[in-house]
Ligand code: DAK
């Protein structure tokens, strides 16, 4: 499929998906969300991709939110469809069986902040501005912001951001645990690619199991989470990568993981 609002590239197991509507600060409209849905399916079925990086085109923004021009024209029925397909694609992103890193610069507002929150972790440039400004439009976040932000930074800080709609800096975002690492703009890509390459050398089955255990465990109590971890651990041991990892350790050499990922 040809994309008009996305760009997908891949090199040595690391794919980069770029939101590409720079004139509208990469705002999320239905065309982009449909393309994202398609791109995620093709990434999930591509055994050569181990890690995905998400980023935005242009200097000014990762994503400045859902496309307000489109939201303003939605009938209630169209709004429901937009909400359903938007939430489904963001959930698909979160459930992708490979690690996903958000490489964020400039504005990451509303749906853009929520897109980053659905990734496994976020690296940001010093010039990033995060915020959930939906309250200023008389609406609330609808791509999981009320849920994922509260789980990540705690309900008090999440409510303060959502109730005020205020922008926060990258430094503040790192301080509250929204962002893992803040880098100067010119070092962001290298920093993200470095960690992506490191992760891509690990076993796919164990990465997938670890991601699922953390994600599913966050939605349950500790006892159930520990049971999930036990099962995921047992499944990992059935993978060729576990054989390779333990054998390599005993033979005092570096492991070479070749997958496959049980998708
Ligand atoms: N949508 C559409 N166009 C946008 C946009 C957006 N979110 N943000 C920026 N643009 C466009 C601007 O209209 C402008 O277009 P032209 O006038 O050049 O044609 C161009 O991008 C450049 O923007 P500015 O001229 O405004 O640039 P500035 O540097 O002056 O300001 C800014 C940058 C990011 C501070 C400002 O553009 C801004 O405040 N943008 C809106 C930010 C915002 O409010 N974002 C939240 C959107 S609401 C739901 C799911 C999701 C959502 C809701 C429900 N359901 C599933 C139920 C999510 C909602 C949102 O994200």
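Please treat every number below as a calculation from the coordinates, not as lab data. Keep in mind that this is a model prediction, so the values were computed, not measured. A quick note on method: Cβ atoms are made from the backbone with ideal geometry, for glycine too, and the neighbour counts reach across all protein chains shown.
Here are some notes:
- Normalising the Debye intensity of region 81-195 to I(0), with uniform scatterers on Cα atoms only, and taking log10 at q = 0.10, 0.16, 0.22 Å⁻¹ returns -0.27, -0.70, -1.26.
- To the nearest ten degrees, helix 222-237 and the longest principal axis of the Cα atoms of the chain are 50 degrees apart.
- Computed helical MRE - 222 nm, the chain, DSSP H runs ≥ 4 contributing -39500 (n - 2.57), nearest 500: -15000 deg cm²/dmol
- For the chain: relative contact order, % (alpha-carbon pairs under 8 angstrom, 6 or more apart): 15
- Its relative contact order, with pairs defined as Cα atoms under 8 Å and 6+ residues apart, puts region 41-159 at 27 percent.
- For region 36-142, the pair-distance distribution built from all alpha carbon pairs, in bins 10 Å wide starting at 0, is 14, 43, 34, 9, 0 percent.
- Most tightly packed first, judged by the mean number of other beta-carbon atoms within 10 Å of their residues, the peptides 141-152, 237-248 read 141-152, 237-248.
- Each label point was placed 7 Å from the Cα along the Cα-to-Cβ direction; for residue 46 and residue 155 their separation is 4.1 nm.
- Approximate spin-label separation residue 181-residue 127, in nm, with each point projected 7 Å along Cα-to-Cβ: 2.0
- If both residues of a DSSP beta bridge must be in region 36-173, then about 15% of such bridges are antiparallel.
- Using distinct alpha-carbon pairs, which all enter the 1/r mean, Kirkwood radius of region 123-263 in Å: 18.0
- FRET efficiency, 1/(1 + (r/R0)^6) with R0 22 Å, evaluated for residue 7 and residue 80 via beta carbons: 0.15
- The chain: angle of helix 30-44 to the longest principal axis, Cα-based, in degrees nearest 10: 0
- FRET efficiency, residue 135 to residue 256 (Cβ-Cβ, R0 51 Å, nearest 0.05): 0.50
- C-alpha long axis of helix 204-218 to longest principal axis of the chain, angle in °: 50
- Most to least packed among 227-233, 157-163 [average Cβ atoms within 10 Å]: 157-163, 227-233
- Segments 72-83, 177-188 sorted - mean Cβ within 10 Å per residue, highest first: 177-188, 72-83
- Cβ crowding within 10 Å, taken as a proxy for footprinting-reagent exposure, orders 49, 199, 101 from fewest neighbours to most as 199, 49, 101.
- Per the Kirkwood formula applied to alpha carbons, the chain shows a radius of gyration over Rh ratio, Rg over Rh, of 0.98.
- Annotation for residue 70 and residue 172: the two label points, set 7 Å from Cα along the Cα-Cβ direction, are 2.9 nm apart.
- On the beta carbon distance between residue 243 and residue 95, with R0 = 22 Å, the FRET formula returns roughly 0.25.
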